[in-house]
1. Quick one: M173, M56, fewest Cβ neighbours within 10 Å first, how do they rank?
2. Please identify the longest segment of the chain free of exposed chymotrypsin sites (Phe, Trp or Tyr not before Pro), where exposed means a DSSP state other than H, G, I, E or B and no more than 13 other Cβ atoms within 10 Å.
3. Take the cross-link list K55/K170; K55/K104; K104/K155; K27/K55; K104/K170 and give me the ones stretching past 25 Å between alpha-carbons.
4. Hey, could you grab the Kirkwood Rh for segment 97-180? Inverse mean 1/r over distinct alpha carbon pairs, Å, one decimal.
5. Applying the Karplus parametrisation 6.51 cos²θ - 1.76 cosθ + 1.60 with θ = phi - 60° to the phi angles of segment 59-73, what ³J(HN,Hα) value in whole Hz is obtained for each residue in order, glycine and proline being reported as x?
6. Output the antiparallel fraction of DSSP beta bridges having both residues in the chain, as a percent to the nearest 5.
7. Could you state the orientation-averaged shadow area of the convex hull built on the Cα atoms of segment 33-181, in nm² to one decimal?
8. Based only on Cα atoms, what Rg/Rh ratio does segment 25-117 have, Rh being taken as Kirkwood's radius?
Amino acid sequence: MEDHICSWRHAYLFDNWFRGLLHRPEKLFAGLLQEGQTVLDVGCGMGFFSIRMAKMVGETGRVIAADLQPEMLDVLKRRASKRGVISRITLHICDKDRIGVVDKVDFVLAFWAVHELPDTRAFFEEIRSITNGGARVFIAEPSMHVSHNEFESMKEIAKSSGFEIHSAPKVRMSRAVVFRAAARRH
């Protein structure tokens with residue numbers, strides 16, 4: 001499955017200044033992120049969202065930037081250091097089949113990442129195990145790569161894993177949904 005993962009060298013094609021015009025984190029995550037929260041950025045790449053979310057959660061917040069490729073995290077570390085937010089970011093290398101984060105989180109972002117995972121159900125179950133009550137999970141998938149039916153199937157898997165749909169934001173070039181962690185049954 002690893003050959004399905006986009007190479008870190010290709011990340012420069014979509015992680016550049018132009019993307020800031022298409023995907024503005026401050027607008028996309030308005031009302032979803034709060035100061036002091038712990039955020040997980042799954043498939044963080046070179047930090048386009050991680051760095052901006054680190055600013056949004058403030059000095060008391062934290063972003064866990066998780067990626068399978070150490071080269072992505074190396075670039076993210078350099079970029080975050082230049083922008084003065086590296087102290088708010090924890091770099092985490094994922095396993096091929098699991099994210100491996102155990103900390104409880106308030107917000108999860110998986111932007112153009114879920115379609116690359118080997119097991120969507122395992123992903124949502126793992127995410128559910130680390131989300132705080134009421135946590136939000138923002139999923140965006142590239143519309144040119146993930147069909148409407150594939151996206152609907154992914155949403156059903158998320159719902160069966162303990163999430164309910166919170167909203168369906170408009171995201172350029174993407175199919176997107178925000179889930180809320182449903183109340184846990186005792």
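Every number here is computed from the coordinates shown, using simple stated rules; none is lab data. Since the structure is predicted, the reported quantities are computational estimates derived from the model, not experimental observations. Neighbour counts run over all protein chains shown; Cβ positions are idealised from the backbone, glycine included.
1. In order of increasing Cβ crowding within 10 Å: M173, M56.
2. No qualifying site falls inside 19-186, the longest such stretch.
3. K104/K170
4. 12.8 Å
5. Values, residue by residue: 5, 8, x, 8, 10, 9, 9, 10, 8, 7, 9, x, 4, 4, 5 Hz.
6. If we restrict to bridges inside the chain, about 35 percent are antiparallel.
7. If you wrap the Cα atoms of segment 33-181 in a convex hull and average its projections, you get 8.0 nm².
8. We get a ratio of 0.93 for segment 25-117.
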